[in-house]
1. Provide, as a two-decimal number, the C-alpha radius of gyration of segment 103-145 over 2.2 N^0.38 Å, N being how many residues it has.
2. Could you give the size of the charge dipole of segment 41-176 about its Cα centre, using +1 on the Cβ of each K and R and -1 on the Cβ of each D and E, expressed in debye and rounded to the nearest 20?
3. Could you derive backbone 3J(HN,Hα) for segment 135-144 from the dihedral phi with the Karplus parameters 6.51, -1.76 and 1.60 (θ = phi - 60°), listing whole Hz in sequence and x where the residue is Gly or Pro?
4. Under the 0.36 nm per residue contour assumption, what length would be gained going from the current alpha-carbon distance of GLU80 and THR117 to full extension?
5. Just from the alpha-carbon atoms, what are the Rg and Dmax of segment 41-176 in angstroms?
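Derivation of every value follows stated rules applied to the coordinates shown; laboratory data play no part. What you are looking at is a predicted structure, and each value in this text was computed from that prediction instead of being measured. When we count neighbours, we look across all protein chains shown, and the Cβ atoms used for this are built from the backbone with ideal geometry, even at glycine.
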Amino acid sequence: MFTKLKTPLIYLILIASLGFAIFHFFLNKQEVKNGQQQSTAPLFAASFPNEHGENKPLNAYQGKIVVLNFWATWCEPCREEMPELSALHEAYANKNVVVLGIAIDDVNAINEFTKQTQVKYPLFAADMTGMELASNLGNNKGVLPYTVIIKADGTVHKTYFGRISKDLLEKSLLPLL
């Protein structure tokens with residue numbers, strides 16, 4: 001009788017072990033990575049040039065609610081969401097909210113882009129350093145656009161992979177106001 005149960009029992013133990021391993025090594029880390037334990041210190045310690053080449057320290061935005069959008073001029077979904085990000089930036093400017101765009105591009109690419117597309121929020125050229133910052137803030141997929149909402153106390157509130165909308169961001173911002 002035990003011999004008949006031994007094979008299914010071994011499979012059951014293997015499946016349970018595999019499930020535990022997947023949870024422990026992948027899902028559990030994902031929760032910590034996307035949670036509020038991510039440090040924004042490297043972000044606020046950084047300085048990047050704006051579209052005019054003027055180097056600007058990002059610590060000027062500490063103490064504000066920051067909608068941080070990682071993007072690139074060659075990224076179609078990034079360009080599509082910019083009018084909504086501009087509208088959000090204008091609508092919430094008097095509520096201690098700022099939208100910032102960190103481009104995975106150089107200054108010249110951003111400068112050319114802004115000649116053709118009006119953007120109402122600050123843009124910064126970070127090249128590949130921007131991807132490192134995005135990764136530190138939870139972008140473990142290397143996806144653009146990637147948006148991070150940072151609370152006024154400097155902790156990460158929410159992160160979004162891919163194209164976002166003004167409505168979605170407003171739902172995330174309302175509890176912080």
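1. Against the empirical 2.2 N^0.38 Å value, I get 1.25 for segment 103-145.
2. 440
3. 4, 5, 9, x, 7, 7, 9, x, 8, 10
4. 12.2 nm
5. Every Cα atom of segment 41-176 included, Rg and Dmax give 13.3, 38 Å.
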